[in-house]
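Engineer: The structure under discussion is supplied below as C-alpha cells; questions concerning it will follow.
The values are calculated or read from the model by the stated rules, or taken from the named source; none is laboratory data. Keep in mind the model is a prediction, meaning the values are calculated, not measured. Cβ sites come from the backbone with ideal geometry, for glycine too, and all protein chains shown count toward neighbours.
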Amino acid sequence: MARVDSLHRHTPQSRRSLPRRVATLSVHTSPLDQPGTGDAGGMNVYIVEVAERLARAGVEVEVFTRATCSELPPVVEMAPGVLVRHVIAGPFEGLAKEDLPAQLCAFTNGVLRAEASRAPGWYDLVHSHYWLSGQVGWLAKDRWGVPLVHTAHTLAKVKNQLLADGDKPEPIARVIGEEQVVAAADGLVANTPAEAADLIELYAADPRRVSVVPPGVDLDTFTPSQTRDRKKFGLPEDALVVAFVGRIQPLKAPDVLLRAAAELRARDPELGEKLIVAICGGPSGSGLDRPTALMDLAAELGIADCVRFLPPQPRDDLAQLFRAVDLVAVPSHNESFGLVAIEAQACGTPVVAAAVGGLVTAVRDGVSGILVDTHRPADWAAVLGDLLARPARRLELSAGAVRHAHEFSWSHTASGLLAAYRDALTTHRDTELLAAMS
C-alpha cells in the first residue's frame, strides 16, 4: 500500500524533467562481480555502464544487491555518484538463483529500511533489473509512492519456447512473477523491438509504457587494432581461431560450436588442422550441474587437442581476446540482446550468431557477421568453414562490424533511459492525480 502522503511528497519532484536519485535493484547479481561466470553476465555490464553515465548526467544511482560474503562492506562507492548497497538476505554463499524467491521478503526489508533511514522522498524512481528485482521494486514503488521502471533482460515465456535439449523450463512461479511486474510497472524498457513485441504479445504490456532502449558498448575499450597478442592467451599465431565468450550453460549453446568444429574437421581436414576453438567463461545456471560437461564433450568428439578453455577475462583483456581471434561465435538459443556480439564487432571481429532474439539486432547479417537460422552443427560448420577459408571476406565483415558497433554506445543507452524515466514520472503523476480525483 502506498503511503498516504505520497502524492504530496512526490508531486514537486514529478514535475522535474529528471529524477534526482534512482534506486536500482539487482537482487541476484552484483555489478561488482566479474561477468562470465556464475550469474554475472551482460546485465552486470549494463548496470555498471548505465549507472556511471546517469551519474554524469546528474542523476545519483544507488544499486541494491544481495550480499554474498560476510566481509563485504554495507556500502561501496562504485563511481562518483554511484553507490552499491549490499543487502543481507539469506546465507552469504551457496544460494542458487532458483532459491532466491524465498529471500525476497528479507531483501525487500533491507531496501525499505535504507529508505526509511533517509529524509522522506529520498528516492524518486525505482529501476529493477530481472524479474526477482521487479518483485521487490513493485513493493518499493507502492511503499514510497514513486514510479517503477523495469528491465526484464530475459523473459520466461520466451526462454521456454527456445529451450536447449535437456534444459529445464522456467517455473510457473517466474512466469506469474513477470506478469505481475509488467502489470505494475510505470515503464518497461526493452532491449530490442523484438523484446518489446514479446512484452506486448506474451505479457499483455501496455504499448504506451514500453520503450525500446538498446544496450551499448564501451567504444573506448573495445576498439579495432592492426596488431594482436595471441601469446597472452596461449593461442598459436598460425591458427584459425573461433572464440565463444560467455557463461557456460545450455542456453548459451557452446556445445553447438564444439559439434560444428568436429564436423568441420571431418569435412575439411586441411582447414581442421589449423582450427582452434577458444572457450572463455565459467559454468552458470544449469551448467553448474555438470561443470566439466564441455570438456567431456570435446574429448568425446575427439577435438580436445584443438579446444582451449580460458577463465572469464577483465574488460581490457577481453578486448584483447576479441582482437586476437578470427571469429566470435554466439550460438545461444535465446538472447535478449547479446553484448558479447557488439563488443567483438567493435574490436573488428566478425560474429557468427544464431538468428534469435536480440542477436538479430546486435549482428547485421552479411555486413558485420553472419546469422544462422538453425542450431544444427552441420549448418554452423558450413558457415564457419566458409569464412575461415576466405580471409578477404572476413576483412569485409571486419570493417562492417566496426561500423555497425558504432551505432551503439552506452551514452545513447543512458539517454534512452532518461527519456524512459521522464515518461514514467509523467505516467505515475497522472495516475496519482486520477486516483486523487476519483
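Engineer: What do you reckon, is Ala196 of a type in the set (Gly, Ala, Ser), closer than 30 Å to Gln345 by Cβ and touching a Lys or Arg at 6+ places or on another chain (Cβ under 9 Å)?
Structural biologist: Considered against the rule, which asks whether it is of a type in the set (Gly, Ala, Ser), closer than 30 Å to Gln345 by Cβ and touching a Lys or Arg at 6+ places or on another chain (Cβ under 9 Å), Ala196 comes out as no.
Engineer: Out of everything in the stretch 389-403 that is assigned to a helix (DSSP H, G or I) and in contact (Cβ under 8 Å) with a residue 60 or more places away in the chain, what residue ends up being farthest from Gly348 (Cα to Cα)?
Structural biologist: Among those that are assigned to a helix (DSSP H, G or I) and in contact (Cβ under 8 Å) with a residue 60 or more places away in the chain, it is Arg394.
Engineer: When the stretch 176-193 is examined, which residues are found to be in a helix (DSSP H, G or I) and crowded, with 19+ Cβ neighbours inside 10 Å?
Structural biologist: Gly177, Glu178, Val181, Val182
Engineer: Scan the stretch 61-119 for residues that are part of a helix (DSSP H, G or I) and among the aromatic types (Phe, Trp, Tyr) and jot them down.
Structural biologist: Phe107
Engineer: Please tell me if Ala419 is buried (at least 21 other Cβ atoms within 10 Å of the Cβ), modelled with pLDDT of 95 or more and farther than 19 Å from Ala319 by Cα.
Structural biologist: Taking the combined requirement at face value, the residue does not satisfy it.
Engineer: Please enumerate the residues belonging to the stretch 229-248 that are touching a residue at least 40 places away in the same chain (Cβ under 8 Å) and either touching a Phe, Trp or Tyr at 6+ places or on another chain (Cβ under 7 Å) or not β-branched (Val, Ile, Thr) (or both).
Structural biologist: Asp229, Arg230, Lys232, Phe233, Gly234, Leu235, Pro236, Leu240, Ala243, Phe244, Gly246, Arg247
Engineer: Arg259 fails exactly one of the following numbered conditions: (1) assigned to a helix (DSSP H, G or I); (2) crowded, with 21+ Cβ neighbours inside 10 Å; (3) within 22 Å of the chain's Cα centre (by Cα); (4) of a type outside the set (Val, Ile, Thr). What is the number of that condition?
Structural biologist: The single condition Arg259 does not satisfy is (3).
Engineer: Only residues that are under 30 Å from the mean Cα position of the chain (by Cα) and among the basic types (Lys, Arg): list them for the stretch 394-438, please.
Structural biologist: Across the stretch 394-438, the qualifying residues are Arg394, Arg403, Arg422.
Engineer: Condition first: modelled with pLDDT of 95 or more, closer than 20 Å to Ser409 by Cβ, charged (D, E, K, R) and in a loop (DSSP other than H, G, I, E, B). Can you find one or more residues in the stretch 358-374 that meet it?
Structural biologist: yes
Engineer: Residue by residue through the stretch 194-246, note down the ones that are surrounded by fewer than 17 Cβ atoms within 10 Å (Cβ to Cβ), among the small types (Gly, Ala, Ser) and under 26 Å from Ser409 (Cβ atoms).
Structural biologist: Within the stretch 194-246, Ala197, Ser225 qualify.
Engineer: Oh, and also: Which is within 30 Å of Thr426 (Cβ to Cβ) and among the aliphatic types (A, V, I, L, M), of Val213, Val241?
Structural biologist: Within the list Val213, Val241, the selection yields Val213.
Engineer: Here is a further query. Name the residues in the stretch 348-379 that are of a type outside the set (Gly, Ala, Ser), over 26 Å from Asp218 (Cβ atoms) and either surrounded by fewer than 19 Cβ atoms within 10 Å (Cβ to Cβ) or under 24 Å from the mean Cα position of the chain (by Cα) (or both), would you?
Structural biologist: Val372, Asp373, Thr374, His375, Arg376, Asp379
Engineer: Return the pairs, sorted by first residue and then second, in which the second residue is of a type in the set (D, E, K, R) and surrounded by 15 or more Cβ atoms within 10 Å (Cβ to Cβ), the first residue lies in the stretch 410-421 and is in contact (Cβ under 8 Å) with a residue 40 or more places away in the chain and within 17 Å of Glu343 (Cβ to Cβ), the beta carbons are less than 7 Å apart, and the residues are 6+ apart or on different chains.
Structural biologist: Listed pairs, sorted by first residue: Trp410/Glu49; Trp410/Arg53; Trp410/Asp218; Ser411/Arg53.
Engineer: Let me ask another. Can you tell me which residue within the stretch 299-349, out of those that are touching a residue at least 60 places away in the same chain (Cβ under 8 Å) and in a strand (DSSP E or B), is farthest from Ala196 (Cα to Cα)?
Structural biologist: Arg308
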